Structures are given as structure tokens and as C-alpha cells.
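Just so it is clear, none of the values below were taken in a lab; they were calculated from the coordinates. Predicted model only: the values in this text are computed from it and were never measured. In this analysis, Cβ positions are derived from the backbone assuming ideal geometry, glycine residues included, and neighbour counts consider all displayed protein chains.
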């Protein structure tokens, strides 16, 4: 198949393209920068030529600014929001103009949709939560609803904390944990819903090429864990102690709203629909995932 991918130069996008091309698919990246196998667009300026995205079999939309790159100022929050909504709206409008639209559209979303929910078990049927990330995810998903109305098969994947040694949360945790500085964040009871990057890429592929699948799916491993337990397992794998807790007030002072939403918020998310529809996780347990990811 001929697949158009946004966010193709990011951590997940690179892995996904490698997997799809190994399987014989022809991938093109929708990018702000020119290059081989790239099609240019500019969501901020609403620039995307319909003729250049004609006749693709499918679109996998992963683009969006990193939410953990720094303190959430009002400008940073606007960039996070706009990078998701503007691009999605532009893609949706442009695809609806095509004579030969794609067969499917897979859109990233995030478990931020659910907000801070304590010990509540969250499935795809659970309502949206409160806060900036929840609103962003609600609007992000709604921004491509028009494609479903146009007759495309649309899937939304609400992605959890992606584990990879090459970037994201795990990469940032490795150094402090290797130095023995890892430990409990706040009270450590908040649930972290994570997914091994390989399972994430496999789940995107699964949604893309199973014609009967549509709607919302949770992109998390079956084993959500309290943060303190997550830290204990990571420390055990690294053979280092995890003895330096970080109080909630200190995290909030240092990182502001971002700490509350990303580090201290609790979302016990279950990948109910992926499992019900036959997807088999390669790394359902954190210990197995870390063994795979940290293998030297």
C-alpha cells in the first residue's frame, strides 16, 4: 500500500516507517521540510496541496509538538494545542476534497483524554476528564470527525507513556535512575499507563490493515502500574537503588502545570478494544518490556 504519514521524523514515526517499509509498503512523510519521500505542508499557514496527497491508500497522523519539552507557559500550551488541531483540521478538509480519498485514516490521540482519575479503571467507553490535556485530546479527535462522515474508516489511538531508550519518558529517566536518584514522585500511587514502542508500532499497523476496525482504541499495555512500582521495577532492572523521592510540591514548583498533568496525574487505562479485537501484546508486562528495551 501507499501510506502517507505525518510526524514521520519523530520517535514513533521513524519506527513505524521502518516496519511498514520492511513489509513492502511505500511510505511518504508529510513534512514542513523538503526531502526525499517528503511532501511539504504548513499547518500554521494552512498550506497543503490536495493534488499531492491524491491516491494514497491510507494516512497515519502522528504529528504534534512534544508535550514534555519544557514548562507549560501559555505560549507553550498554545503551540501544543495548535500543532494537533490545526494539522488535523487541514488534513481533514483537504482529504474531503479528493476524488480518490484514502481508505483509512489512523489518528494519534493520548490518554490525557481521561484526565486525573485515581484508581478508576478506564476503557474506551469512559468519559473525558478535565484539564488542558483532556480538552486538547477531545478537540484533536473531533477535528477529523468529518472524515468519518465522508465515509472513511477512521481509528483514534489514545497513546500512553511510550517506552523507548531512544527518546521520550524512559530515556529521560535512565540517567537519574542509573545514578541511584530515581524514586517516588509525589506519593507514588498515581497510575502510569505505558506501552513498549514496539507494541505501539505494531498496534498502529494492526489498526491500519484490519478493515473491520474503526473508532477509539487505547494504546497502552494491559499492565498499568502505580508510579512507585514502575520506579521499583526500573531500578531493579538497572541494579540501582531508588531512594530519592521527589515531593509533589517540589515538582509543581519546578515544572508547574506540566508536573501535575504528566507526572502526578493518575490514569489507569486498559486497552480493552485492542484485546477484544485480537491484538496480542508482545510486551504486556513492564519487566518484559524493560528487559527488551534495555538489552545491551
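Of note:
- More than 18 Å apart - percent of Cα-Cα pairs taken over the range 18-62: 31 percent
- At q = 0.07, 0.12 Å⁻¹, base-10 log of I(q)/I(0) for the chain (Debye sum, equal scatterers on each alpha carbon): -0.26, -0.77
- Computed with the Debye formula from one identical point scatterer per Cα of the range 112-227, without solvent, the log10 of I(q)/I(0) at q = 0.12, 0.15 Å⁻¹ comes to -0.53, -0.80.
- Cα centroid separation, the range 261-287 to the range 15-81: 25 Å.
- Reported value for the range 12-106: 109 Å³ per residue, from the convex hull of its C-alpha atoms.
- GNM flexibility winner over the chain from 271, 241, 222 (Cα, springs under 10 Å): 241
- Of 273, 121, 184, the residue with the greatest mean-square motion in the GNM of the chain, using alpha carbon springs below 10 Å, is 121.
- The relative contact order of the chain comes to 19 percent, based on Cα pairs under 8 Å that sit 6 or more residues apart.
- Stretched out straight at 0.36 nm per residue, the stretch from residue 212 to residue 240 would grow longer than its current Cα-Cα span by 5.5 nm.
- Arranged from fewest to most other beta-carbon atoms within 10 Å of their beta carbon, 211, 257 become 211, 257.
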